[in-house]
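Right, one structure below, let's go through it.
The values are calculated or read from the model by the stated rules, or taken from the named source; none is laboratory data. All of these numbers come straight from a predicted model, not from anything done at the bench. Neighbour counts run over all protein chains shown; Cβ positions are idealised from the backbone, glycine included.
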There are 2 protein chains.
Amino acid sequence: MGDARRYHALSSPFRMKRGGELHGACVAYETWGTLAAAGDNAILILTGLSPSAHAASNDEDPTPGWWQEMIGPGKAFDTNRWFVVCVNSLGSDKGSTCPASIDPASGQPYRLTFPELSLEDVANAAHEVVVAGLGIERLACLVGCSMGGMSALAFMLLHPGTVRTHISVDTAPQAQPFAIAIRSLQREAIRLDPHWNGGNYDDEAWPEHGMSIARKLGVITYRSAMEWNGRFARIRLDAEQREENEPFGFEFQVESYLEGHARRFNRRFDPNSYLYLSRASDWFDMAEHGEGDVMRGLARIHVQRALVIGVSTDILFPLEQQETIARGLEAAGAAVEFVALDSPQGHDAFLVDIASYSQAIGGFLATL
Amino acid sequence: MGDARRYHALSSPFRMKRGGELHGACVAYETWGTLAAAGDNAILILTGLSPSAHAASNDEDPTPGWWQEMIGPGKAFDTNRWFVVCVNSLGSDKGSTCPASIDPASGQPYRLTFPELSLEDVANAAHEVVVAGLGIERLACLVGCSMGGMSALAFMLLHPGTVRTHISVDTAPQAQPFAIAIRSLQREAIRLDPHWNGGNYDDEAWPEHGMSIARKLGVITYRSAMEWNGRFARIRLDAEQREENEPFGFEFQVESYLEGHARRFNRRFDPNSYLYLSRASDWFDMAEHGEGDVMRGLARIHVQRALVIGVSTDILFPLEQQETIARGLEAAGAAVEFVALDSPQGHDAFLVDIASYSQAIGGFLATL
């Protein structure tokens, strides 16, 4: 399996919003398509909490990416026309500097000595990739999905003039208490796992239980009850799929589905990095950039056009939050298209209901 | 603090639906008001997973009950007219025989040797309290809240002719996959706690972490995002409320709120009993009583009149499930009143939005 990641060395020291700085840090990214000589066909995608920069297959890495059906020749992100960049968030362990990275000052992993991470830092790091790394002065479009949508708002706010148009996908202008409660409980499950050990786990003692609970709770809130009624109903596991001697072991298909998600996630994501990115999501609040008012914060973002997409079944980032983004960007002068989808898949619809998202995003990009 | 509980000795052996039997088991209950000589003014309330039989204060126990504002002279359950009984579910540790009880055969606590518990067993035990214990041949009204609503459906199905009217509160005719997923994760958090120890915990080593996560996840799903936006927004804890040296410690009021709920619950509810009742909820399915069809199962329930109440913000027992109950009971011949409330408090609205529930329930009972 190849590796298509490129690495951009961040300015050093790289100063963090909440204090502290990183030395010799880098950010991983991948690209698809060709940057035009005029540099005017670049699209940057900022991801949710867990995905890597590998949004789609490419020559160096033919494995499918997390948005495989959306990116490529003739697809919504048509790489015949667009130069698409996907950045791995600063603080994520998919190639970017993160709490699992070696601190050059100590020669040891940062772990909890990693400075406090905010989505503003994620945005600033991505901005360096685009401008300093790729020499792009202005993005044709900045796309942000889920947590990446919040990072995108920070990007546009902190770097005025670098974004022409914006696509906001299933995200929020601030973390609200339900989402905070869910993420706080995910973090607590990890923190309470004795193997987390204040961040000092290793391959022998890894907080698998905590990560498993965190991931399952994530998946529960990423999908929707409606989808599961159709998909799992009350279907039981076959006898051979059940753990015979496990008291209160799994019995229903939905339980096995969650277990599968947890197993695929566990040991593939650094628990400390998860904690940092999760907390950064809780901290994000456009009101902080608008004297306590979300709309005033959004009013400081200036793009020509925006497409804002949300899903009625999303319980983590409810549709009202995308409406707020749409209204805020519009009030700030952008021409905004707001698309409210009825996809049954909840927050994750952008990864599943490719038809609807392709139509909305492909349609928007075709008019640029 | 007094104790108003009475205890009814169940038939011995008490045979359980899924096999196994209990010897010398009992069920705790409390009563308010006076049973009429004709025995025709009795209302039985079946509770959710965690409440005790102490639904309201009375002479022996003046502490407020879990439905304090609903039960008493002049209240929705007007004890000047009605004789109100609240039964503690079989398997709950609030006085009824449960996994923490001593197994007379061994002289040791049952723990996981307690037979598999179903809500049909809970219903049968409650039926014995009413008929054998209190000599009531027919209930004027059977009320079930949350899990107790499922127990009530089982009660009416298994004991035809013993219920004249029914009030169904925030419940479901079967467990659906979202609710199963939540409860499965709650059970897993307890099972993964090393102190659970296969059910063999004691006061020294108690699965506090698992119970805390389970309770917080419960509270998150019992309330609604909408309520919390208004109640907590992004309000921070005061500096002195924060745990200074705790990495990733609580910062927002909503986190402290959940922690308070968890602390009040922990060590006050037996973890094994929680597991048994939680699984019983997952198992409940009226379709099993209707050749695989919920409506056909409901068609086997015959009451004269029913009031079915649900809340649009309930994510654990969504409103569609109460609609199904209403339609099913109506198809079976009952005169059904269906009340869909817009209370912002989610599943727990029946404990909080007393005005709306008083109006609906008090109004219904006044016409009997």
Filter pass, B:Met286 being within 30 Å of A:Arg236 (Cβ to Cβ), touching a strand residue (DSSP E or B) at 6+ places or on another chain (Cβ under 8 Å) and within 14 Å of chain A (Cβ to nearest Cβ): yes
Matching entry among B:Met286, B:Met211 (being within 30 Å of A:Ser212 (Cβ to Cβ), among the aliphatic types (A, V, I, L, M) and modelled with pLDDT of 95 or more): B:Met211
Residues (surrounded by 13 or more Cβ atoms within 10 Å (Cβ to Cβ) and in a strand (DSSP E or B)) located in the stretch B:16-30: B:Leu22, B:Cys26, B:Val27, B:Ala28, B:Tyr29, B:Glu30
Near pairs, Cβ below 6 angstrom, 6+ apart or cross-chain, from the stretch A:161-184 (closer than 14 Å to A:Arg327 by Cα) to any residue that is surrounded by fewer than 24 Cβ atoms within 10 Å (Cβ to Cβ) and hydroxyl-bearing (Ser, Thr, Tyr): A:Pro173/A:Thr324
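Hey, among B:Val308, B:Val303, which residue is over 16 Å from B:Pro160 (Cα atoms) and in the same structural domain as B:Arg138 (by TED's automatic domain parsing)?
After applying the criteria, what remains is B:Val308.
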Search result, residues across the stretch A:272-314 that are of a type in the set (Gly, Ala, Ser) and under 20 Å from the mean Cα position of the chain (by Cα): A:Ser273, A:Ser278, A:Ala280, A:Ser281, A:Ala306, A:Gly310, A:Ser312
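Test A:Leu35 against the criterion of being surrounded by fewer than 19 Cβ atoms within 10 Å (Cβ to Cβ) and either at pLDDT 95 or above or closer than 15 Å to A:Asp121 by Cα (or both), and give yes or no.
Spelling it out, A:Leu35 is indeed surrounded by fewer than 19 Cβ atoms within 10 Å (Cβ to Cβ) and either at pLDDT 95 or above or closer than 15 Å to A:Asp121 by Cα (or both).
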Inter-residue pairs, beta-carbon under 9 Å, first within 12 Å of chain B (Cβ to nearest Cβ) and in the stretch A:250-277, second assigned to a helix (DSSP H, G or I) and at pLDDT below 95, 6+ apart: A:Phe250/A:Gln241; A:Gln253/A:Gln241; A:Ser256/A:Gln241
Residue in the stretch A:38-59 that is surrounded by the most Cβ atoms within 10 Å (Cβ to Cβ), counting only those that are touching a residue at least 40 places away in the same chain (Cβ under 8 Å) and among the polar types (S, T, N, Q): A:Thr47
Unique residue being among the hydrophobic types (A, V, I, L, M, F, W, C), buried (at least 24 other Cβ atoms within 10 Å of the Cβ), assigned by TED's automatic domain parsing to the domain that holds B:Met70 and part of a helix (DSSP H, G or I) when the list is B:Ala152, B:Ala189: B:Ala152
Number of the condition not met by B:Pro194 [criteria: (1) in the same structural domain as B:Ser356 (by TED's automatic domain parsing); (2) more than 30 Å from A:Ser224 (Cα to Cα)]: (1)
Test for B:Thr171: is it assigned to a loop (DSSP other than H, G, I, E, B) and more than 11 Å from chain A (Cβ to nearest Cβ): yes
Filter result (closer than 28 Å to A:Leu237 by Cα and facing chain A (nearest Cβ under 8 Å)) within the stretch B:204-214: B:Ile213
Checking A:Glu240 against (1) in a helix (DSSP H, G or I); (2) free of Cβ contacts under 8 Å to residues at least 40 places away in the same chain; (3) over 24 Å from the mean Cα position of the chain (by Cα); (4) within 11 Å of another protein chain (Cβ to nearest Cβ), the condition it does not meet: (4)
Odd one out for B:Gly290, checked against (1) of a type outside the set (Val, Ile, Thr); (2) in contact (Cβ under 8 Å) with a residue 12 or more places away in the chain; (3) surrounded by fewer than 22 Cβ atoms within 10 Å (Cβ to Cβ): (2)
Looking only at the stretch B:103-119, and only at residues there that are under 16 Å from B:Ser273 (Cα atoms) and more than 14 Å from every other protein chain (Cβ to nearest Cβ), the one that is nearest to the chain's Cα centre (by Cα): B:Leu119
Those residues of the stretch A:72-123 which are surrounded by fewer than 22 Cβ atoms within 10 Å (Cβ to Cβ), among the β-branched types (Val, Ile, Thr) and touching a residue at least 24 places away in the same chain (Cβ under 8 Å), in sequence order: A:Thr79
Qualifying residues in the stretch A:224-237 (those that are modelled with pLDDT of 95 or more and part of a loop (DSSP other than H, G, I, E, B)) - the one farthest from the other protein chains (Cβ to nearest Cβ): A:Leu237
Residue in the stretch B:184-203 that is facing chain A (nearest Cβ under 8 Å), in contact with a helix residue (DSSP H, G or I) (Cβ under 9 Å, 6 or more places away or on another chain), on the phi > 0 side of the Ramachandran plot and of a type outside the set (S, T, N, Q) present: yes
Among the candidates B:Ala280, B:Ala262, B:Ala287, residue that is touching an Asp or Glu at 6+ places or on another chain (Cβ under 6 Å) and within 30 Å of B:Leu112 (Cα to Cα): B:Ala287
Selected residue (criterion: surrounded by the fewest Cβ atoms within 10 Å (Cβ to Cβ)) from residues of the stretch B:207-219 that are over 17 Å from A:Gly218 (Cα atoms) and out of contact with any Phe, Trp or Tyr (no Cβ under 9 Å at 6 or more places or on another chain): B:Glu208
